[in-house]
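J.: Before I ask anything, here is the structure I am working with.
The values are calculated or read from the model by the stated rules, or taken from the named source; none is laboratory data. Only a predicted model underlies this, so the values are computations on that prediction, with no experimental measurement involved. Using ideal geometry, Cβ is built from the backbone for each residue, glycine included, and neighbour counts are taken over all protein chains shown. Calculation scope for accessible area: heavy atoms of the full protein, side chains included, ligands and nucleic acids excluded. Shrake-Rupley method; radii C 1.70, N 1.55, O 1.52, S 1.80 Å.
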Amino acid sequence: MTMTSTDAVVDGQGAVTLLDRTRTAVNPQLRSTVESLPDSIRRVAMYHFGWERADGTPDAGQPGKAIRPALVLAAARALGADETRAVKAAAAVELAHNFTLLHDDIVDEDPTRRHRPTAWTVFGIPDALMAGDAMSALALRLLAEDPHPASAAAAARLAACIIELCAGQQADCAFEQRDPREVSLDECLAMATAKTGALLGCSCAVGALYAGAGEEEVAAMDAFGREAGLAFQLIDDLIGIWGDPERTGKPAGADLVAHKKSLPVVAALTSGTPAGEELAELYSRPTLDAEAVRAAADAVERAGGRDWAQAQAAERMGRAVEHLAQAVPDLAAAEDLLALAEFVTRRTR
Ligand SMILES: CC(C)=CCC/C(C)=C/COP(=O)(O)OP(=O)(O)O
């Protein structure tokens, strides 16, 4: 596989092509790494990635969009590296991402992931937890065993990132216990940056390290990914309220049903508007039927939560591009990274 910056045709299809090519390049590595796990854990991981059914028979595979590995490869390429040497690193960040998904689904009690029942609902919480733990170690082992000269620095960076995103997840859980009107939007944005931005930043930084980049370029790549990652989370939160169930694989208004204090919800709750009060009243109910979910979505919108999240996402994308220009002064070379960043803020699932 060879990808060039010209593959990222800026017609909206460029990123889709890049993601397809990334999956072709990285998924065989991802799969063979997962297959090396001990049987009892392997079966959960293989199910999670959609390569096996719950009974262990082969399945078509549903391993995710591959945004983070695509960022690793695109960052390496933008800085002049041969991206085929960064495939293990790309698989490593995807393993780390999937570790967080396995645990996140348990914490959120989510019944579906990638249009299929979540691993914990099929195998039970202990098995899904252990599979997540093993996947996190597998990510670091893959880097540690990679002979590339940048692999040790990349492993250290990914380990620090995993710690940061665990802290972000912890903050997210802690927010759920607090009165939403006491949680500031800045706190929420910091939480989302740690929870989601850190791994997108790390993916770009790892790509830069594999290109032999200096400290400043690596830091600028990290900052680019973080800002794009925050925009990604804002869009993810909008999809959690207004996403089309057929595309998301989740029920309509899934985050509202779960009473999640996502970014647009907190923006609405802290808006000081009557619509914000309506939302607080709806959120005080133990369960929301379909009509109440529609009313809650409407209240978030009227309180300005939807517009705020969209404006924030656009602002973060602007900052992301500024950081990218520092890492890659010739932005033409970073066309693929730009296409990916645009993709994550325009996606609908
Ligand atoms: C710490 C945690 C759990 C953060 C979750 C952040 C997030 C937006 C996950 C979905 O990623 P994705 O859309 O890239 O998923 P997929 O791999 O299925 O494409």
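J.: Answer yes if at least one residue in segment 188-195 is in contact with a helix residue (DSSP H, G or I) (Cβ under 6 Å, 6 or more places away or on another chain), touching a residue at least 60 places away in the same chain (Cβ under 8 Å), away from the ligand (no atom under 12 Å from the Cβ) and not charged (D, E, K, R), and no otherwise.
T.: Yes, there is a match, as at least one residue in segment 188-195 is in contact with a helix residue (DSSP H, G or I) (Cβ under 6 Å, 6 or more places away or on another chain), touching a residue at least 60 places away in the same chain (Cβ under 8 Å), away from the ligand (no atom under 12 Å from the Cβ) and not charged (D, E, K, R).
J.: Something else: Consider segment 330-347. How many of its residues are under 13 Å from T22 (Cβ atoms) and either open to solvent by 60 Å² or more (accessible area, probe 1.4 Å) or within 15 Å of the ligand (Cβ to nearest atom) (or both)?
T.: 2
J.: If I ask for residues that are hydrophobic (A, V, I, L, M, F, W, C), open to solvent by 30 Å² or more (accessible area, probe 1.4 Å) and touching a Leu at 6+ places or on another chain (Cβ under 8 Å), which ones from segment 225-263 would you list?
T.: V257
J.: Right, another one. With the structure loaded, tell me whether D133 is within 15 Å of the ligand (Cβ to nearest atom), touching a strand residue (DSSP E or B) at 6+ places or on another chain (Cβ under 7 Å) and either open to solvent by less than 40 Å² (accessible area, probe 1.4 Å) or in a helix (DSSP H, G or I) (or both) or whether it fails that test.
T.: In short, no.
J.: Would you confirm, using the coordinates I've provided, whether Q170 is within 11 Å of the ligand (Cβ to nearest atom), surrounded by fewer than 24 Cβ atoms within 10 Å (Cβ to Cβ) and on the phi < 0 side of the Ramachandran plot?
T.: Taking the combined requirement at face value, the residue satisfies it.
J.: Give segment 332-349 a look and list any residue that's out of contact with any helix residue (DSSP H, G or I) (no Cβ under 6 Å at 6 or more places or on another chain) and assigned to a helix (DSSP H, G or I), or say none.
T.: Matches in segment 332-349: A332, L338, E342, R346.
J.: Just a yes or no: is a residue in segment 234-248 part of a loop (DSSP other than H, G, I, E, B), under 20 Å from the mean Cα position of the chain (by Cα) and either of a type in the set (S, T, Y) or more than 30 Å from A150 (Cβ to Cβ) (or both)?
T.: Yes.
J.: When the residues of segment 18-52 are narrowed to those that are surrounded by 15 or more Cβ atoms within 10 Å (Cβ to Cβ) and assigned to a loop (DSSP other than H, G, I, E, B), which ends up farthest from the chain's Cα centre (by Cα)?
T.: L37
J.: Using beta carbons and a limit of 6 Å, which pairs, at least six apart or on different chains, have the first residue in segment 61-86 and closer than 20 Å to Y47 by Cα and the second one open to solvent by 20 Å² or more (accessible area, probe 1.4 Å) and within 13 Å of the ligand (Cβ to nearest atom)?
T.: Q62/R114; P63/N27; A66/R23
J.: Restricting attention to segment 255-273, and to residues there that are free of Cβ contacts under 8 Å to residues at least 60 places away in the same chain and part of a helix (DSSP H, G or I), which single residue is farthest from Q169 (Cα to Cα)?
T.: Per the stated criteria, the residue is A268.
J.: Turning to a different aspect of this structure: Which members of segment 83-105 meet the condition of being more than 15 Å from the ligand (Cβ to nearest atom) and either modelled with pLDDT under 95 or open to solvent by less than 40 Å² (accessible area, probe 1.4 Å) (or both)?
T.: E83, A86, V87, A89
J.: I would also like to ask the following. Going by the conditions given, is D108 open to solvent by 40 Å² or more (accessible area, probe 1.4 Å), of a type in the set (D, E), out of contact with any helix residue (DSSP H, G or I) (no Cβ under 7 Å at 6 or more places or on another chain) and within 13 Å of the ligand (Cβ to nearest atom)?
T.: yes
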